[in-house]
Amino acid sequence: MAECAVRRQNDTPGALAASCADLPKAAELAFRCSLCGYCGAVCQTGCQPTDMFDAARVAAAAGGLRPEAAHKRLLAYERIGMSPLFNWGALPEGSKRVFFPGCAMPGLRPDTTLRSFRLLREADPTMGVVLDCCGEPSRMVGLRTQFQARMAKLAAYLSGAGVEEIVVACPACLHLFDEAFVFKLSDQGL
């Protein structure tokens, strides 16, 4: 575990888990972890510390221990990505597939987003597109209720439009849609 900064700065994984019984300590540790999942990928016993830290983030947010100032910009970015100014959908009649590039790709690489969509449309002329944010920033900082409401709204919109498959460009979106078991996902390369 030498590669993990949280582990290097703390005691054994068992001691880390035991310290999570103390909510203020758990909150501090949880927000130090990047939730990258490396620890779970290399653990020989199948332990998933990111699940523990994710739960600690939710408890910290519910207990008023979330470092709000540190998350201000991230949540502002999410609000902008979800605003009517920046989200949009074009779902042709009978479209069963939709390209969901997430919020970062269209903002940072609009030309790449458009080229990707055009390539997908060549393969499937009925492909739709939805520019929106999946709510990962809220989930990441422990605002579970806010995230779940966001995902439910997004799922209702897409399923109400008859979408059966989502082609994602963002790994976080892929993970969240997969975790929610909302749709059959395509993680095939663009």
Meets criteria (farther than 30 Å from G63 by Cα and hydrophobic (A, V, I, L, M, F, W, C)) for L131: yes
Any chance F53 is under 30 Å from P24 (Cβ atoms), among the aromatic types (F, W, Y) and modelled with pLDDT of 90 or more: no
Verdict on L143 being within 28 Å of L29 (Cβ to Cβ), open to solvent by less than 20 Å² (accessible area, probe 1.4 Å) and of a type in the set (A, V, I, L, M): no
Residue, farthest from P110 (Cα to Cα), within segment 62-71, restricted to residues that are in a helix (DSSP H, G or I) and more than 17 Å from the chain's Cα centre (by Cα): A62
Given (1) farther than 27 Å from R57 by Cα; (2) hydroxyl-bearing (S, T, Y); (3) under 19 Å from the mean Cα position of the chain (by Cα), number of the condition T145 does not satisfy: (1)
Filter result for the condition that a residue is open to solvent by 30 Å² or more (accessible area, probe 1.4 Å) and in contact with a strand residue (DSSP E or B) (Cβ under 8 Å, 6 or more places away or on another chain), over P171, P92, P84, P125: P92
Residue among G40, G46 that alone is of a type outside the set (A, V, I, L, M, F, W, C), assigned to a helix (DSSP H, G or I) and modelled with pLDDT under 85: G40
Scan of segment 117-126 for residues that are under 22 Å from G162 (Cβ atoms) and either in contact (Cβ under 8 Å) with a residue 60 or more places away in the chain or under 23 Å from the mean Cα position of the chain (by Cα) (or both), ordered by number: F117, L120
Segment 1-22 residues that are farther than 18 Å from A56 by Cα and surrounded by fewer than 12 Cβ atoms within 10 Å (Cβ to Cβ), paired with ones that are modelled with pLDDT under 75 and charged (D, E, K, R) (beta carbon under 8 Å, 6 or more apart): A2/R8
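Among the candidates A55, A27, which residue alone is open to solvent by less than 50 Å² (accessible area, probe 1.4 Å), of a type outside the set (S, T, Y) and within 21 Å of T145 (Cα to Cα)?
So the residue among A55, A27 that is open to solvent by less than 50 Å² (accessible area, probe 1.4 Å), of a type outside the set (S, T, Y) and within 21 Å of T145 (Cα to Cα) is A27.
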Unmet criterion (only one of (1) modelled with pLDDT of 90 or more; (2) under 19 Å from the mean Cα position of the chain (by Cα)) for R150: (1)
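The values are calculated or read from the model by the stated rules, or taken from the named source; none is laboratory data. The shown structure was predicted, so the numbers you read here are calculated from the model rather than taken from an experiment. Counting neighbours? That spans all protein chains shown, and the Cβs are built from the backbone with ideal geometry, glycine included. Please note that ligands, DNA and RNA were not included when accessible areas were found on the heavy atoms of the full protein model with its side chains. Shrake-Rupley method; radii C 1.70, N 1.55, O 1.52, S 1.80 Å.
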